[in-house]
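Q: Okay, here's the structure, questions in a sec.
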Amino acid sequence: MDPSHLAILLLILGLALLVAEFFVPSGGMITVMAVVSIVSSVWFAWKAWGTTSPGLWWGFLTVLVISLPTTLGGMLFLLSNTRLGNRVLLKAPDLEEVTPYQREQQRLQQLIGKTGRTLTLLNPGGMVLVEGERIHSETPGLMLEADTAVEVIAVKGTRVVVRPASLSSPPSPPDTTSESAWLPEEAEKPRDNDSRSPPKPSDERLDFDLGGG
């Protein structure tokens, strides 16, 4: 076969193999065959026109340089903007598809701090009723009887973590700002003996006093 015909056929074959690489998984073998075909087409083109027809030789190289990026770019555009391309190139999953319970978790996050009651025995998992809704729940290692007042403290997956509502508000410390809060009643009132001053000696003489010289 004439080298000029081989050059054109091998160029077309190389471009076709590049297109097939997007659709046929081959581990890179089709790409290697496409490169071999394109390099061979250049070699046959040189043999056909390199010395005898320089214009045809440079024209072939120009077509090659333009056709390669045009083919690759056209295939990428086709794959990213058509239904066929969406089947070949899998679309990146949405965030909800990666974390299917994200919306449910966001809804449960709004229940943190709410109070309710247990519907079943929590040992440590069970059902609770919070704002009129039955929700799967668990406790942080506690066992709670049914009909116990609880408070939502966290979200774990699609469950809420609860604890007894009595633990949510610890007793306030005693007021130590005033002395009357801790002094006993007896200490608040001064004793009569404490208020008396020691008796002063009297200058009056008694009847049985001996007269001085």
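Q: Which of 65, 19 comes first, and how do the rest follow, when ranked by fewest Cβ neighbours within 10 Å?
A: Listed from fewest to most nearby Cβ atoms, that is 65, 19.
Q: Between residue 62 and residue 16, how high is the FRET efficiency from 1/(1 + (r/R0)^6) when r is the Cβ-Cβ distance and R₀ = 35 Å? Nearest 0.05.
A: 0.95
Q: Taking the highest mean first, how do the peptides 23-32, 135-144 order by number of other beta carbon atoms within 10 angstrom per residue?
A: 135-144, 23-32
Every number here is computed from the coordinates shown, using simple stated rules; none is lab data. In this text the structure is predicted, and so the values were computed from the model without any measurement. Don't worry about glycine lacking a Cβ; one is built from the backbone with ideal geometry, like all the others, and counts go over all protein chains shown.
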